[in-house]
Each structure stands twice: as C-alpha cells, then as structure tokens.
Amino acid sequence: MNIIFQIDGGIGKSVAATAVCKAIKKQYPNDRLIVVTGYPEVFLCNPHVDKALNFNNLNYFYSDYIEGQKVKMMVHNPYLETNFIMEQGHLIKVWCEMFGIQYDGEMPELFINNREQQFFGKNFSSNKPILVVQTNGGGAGQPNKYSWTRDLPINTAQTVVNAFVSQYNVVHIRREDQLALQNTTPVQMEFRALAVLIQMSAKRLFIDSFAQHAAAALGMPSVVCWVGNKPSQFGYDMHTNIIAHEPTLKPELRHSVYSRYNISGTPTEFPYNNEGEIFSAEEIIAALRDENVTPVVEVVEEPTFAEATAGEKGKKEKEAEVVE
C-alpha cells in the first residue's frame, strides 16, 4: 500500500512532521510512505520515509502512486482540527490522531551524516564557542520585517547578544530581508547546512520557527521565546521555553478566526504599550547561562590529494623498513 502524507506550510512544520512519519511507519511497517512537501531536504536519509517529493515536481504522480494501486491518503491540515484549535494537544499528537495513528511520544528526527558534518561544518569554524540565534521567522517577502506575534523584539535580542559577544561567536540565522543584529555573523544557507550549525553550537536562542524544531530533532536543548503560539502545541519539553509577559492592553480581535492572534503580527492586535513589555532580556540571558555547553562537533579537515599521496608513500616506506 502507498501511504501519501502531504505537508502544507513552512519548513518547521515539515521538521515536526518527521515525528508523524515515524509513528506512521511504526503502525504500517510494510507499506510505502510517500511524503509530499515543499521541503523534501528535511527527509533525506530518513529511514521511515520511502520517498519525499516536492510540490513543484509532481509529474505523473497519479499514474505512479495512485492509479490501480492500494492507497491511503493522509493530506488534511491539522491546524483545522478541533483539538488543535481548542488547544487540546500538541501538533504532532493531533496530527497522528486525525489519521488514526497511535501516538507514543514520537519526536522529530533529522539524519545528518558524517560527510555533511565535515562539508558544511567548515563554514562555521570558530576560535570561540558558537551561540546561534534565530530572532525572526516566516517566509520571504513579508510586508513587515517584524511580527510581534512570533519574533523576538530587536532591542531585546540586541541586549542578549551584547551579554555574550565577548565570549561567543554569535551567529545570526537570517535572510537579507530580516532585521539585523550588531556584533553577529549573519548566515543564510541551505537547511541541512544550518542543521550542522545547530549541531556545532554551544548555546542556542530561538523563537517558534524552524530552528527550534530542528534543534529538538537533533537533540540540542535550546532557549525558545514564545509570544502568540504556545510551547504546549508547538514546542518541546527539552527546551527552556520562555513565554511572553501577560498583555498589558486589551487587543482588538475582530479579524481573529481560528487562533487568537494572526502569526504575521497584525498591528491592531498588539496587546502591549511597547515591545519592551513582551520579554525580559535579563530572563533570557539567565536562561542561556544556565544551559549546559554541548560538545562541539569536530570538523576533520580532509587531506588534499598531494597530502594523501605523500602519506600513503610514507606508510609504504615504513612498512618496507619493518620487513627489512
């Protein structure tokens, strides 16, 4: 049987979906799991996924995977499920249950091989431990560079960075259209390279975006800041989850539909006097200082062809000496 699992939404949702894949394959071990997503790179090397296809390349999909075959479709959006809207379970749990899949606490997983660690890791060599931060989320081309509902206020983020910059190389995951931080190294690379960066980092500060899902999938505890969304639905207990302060103003919610706030940060919904009321920079700094420093992934420099040849020649000469 072909099980077709479609994932709509951003890359973070695809990372979370790897936990659903594991649960599906556990219940249907002898069937073929075909994932349709905007981010097939998330599922590379995943032993629970038989094939991951991009929405942009579905030529002959019907004839290859549906026509004349036994098929089970799992294509509905969990964001529209009653239990999710009523905040009665984590996204992964709701996702599994809506498909009739037994959920046993499966977590997201990313499978990064040694070659990837070496290849991408060279880009992040540092003489200081790495503090990696992601302060803004969402897709490219948003009308507003900052969403108060999701992002870390720029002044708060800068205060945190200033507290660590002397001891850490602060690497800021951001696109060119997102707000910049001073005294940081900006990075915009492919997803699997950023996963290696997260693996190599000593400390991590994220918002509810793809990096916090990736960190959970890699087993890397992080500090994660939350405003509109809740860690009980999108987060993980392994992280130190910092929830925004209670609103100080009554928001205008006439445009709210299936959630209290629009994730894009609708200005009329802003429930504070100013952005400084959302988080305490001191609380975030304290949480980061309490985080255990994780071992840095060692990047082994591969020898050049000349070095390898010379080494092999020297090895043979020593072997000849032993024989003599």
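Each residue in segment 96-151 was checked for being out of contact with any helix residue (DSSP H, G or I) (no Cβ under 8 Å at 6 or more places or on another chain) and in a loop (DSSP other than H, G, I, E, B), and 21 pass. Can you confirm whether segment 194-206 contains a residue that is over 22 Å from ASN162 (Cβ atoms), surrounded by fewer than 23 Cβ atoms within 10 Å (Cβ to Cβ) and not hydroxyl-bearing (Ser, Thr, Tyr)? Scanning segment 194-206, I find at least one residue that is over 22 Å from ASN162 (Cβ atoms), surrounded by fewer than 23 Cβ atoms within 10 Å (Cβ to Cβ) and not hydroxyl-bearing (Ser, Thr, Tyr), so the answer is yes. Between ASP208, ASP177, the distinction of being in contact with a strand residue (DSSP E or B) (Cβ under 8 Å, 6 or more places away or on another chain) and not aromatic (Phe, Trp, Tyr) belongs to ASP208 only.
Apart from one condition, THR268 fits all of (1) assigned to a helix (DSSP H, G or I); (2) modelled with pLDDT of 95 or more; (3) not charged (D, E, K, R); the exception is (2). Answer yes or no as to whether LEU152 is touching a Cys at 6+ places or on another chain (Cβ under 8 Å), surrounded by 19 or more Cβ atoms within 10 Å (Cβ to Cβ) and at pLDDT 95 or above. Judged against the criteria, LEU152 is a match. Being polar (S, T, N, Q), touching a strand residue (DSSP E or B) at 6+ places or on another chain (Cβ under 9 Å) and not assigned by TED's automatic domain parsing to the domain that holds LYS22 is a property that ASN127 has. Counting only residues that are part of a loop (DSSP other than H, G, I, E, B) and surrounded by 12 or more Cβ atoms within 10 Å (Cβ to Cβ), segment 56-70 holds 2 of them. The single condition among (1) touching a residue at least 40 places away in the same chain (Cβ under 8 Å); (2) surrounded by fewer than 22 Cβ atoms within 10 Å (Cβ to Cβ); (3) under 12 Å from the mean Cα position of the chain (by Cα) that GLY228 does not satisfy is (3).
The values are calculated or read from the model by the stated rules, or taken from the named source; none is laboratory data. Keep in mind that this is a model prediction, so the values were computed, not measured. Positions of Cβ are backbone-derived with ideal geometry, glycine not excepted, and every protein chain shown enters the neighbour counts.
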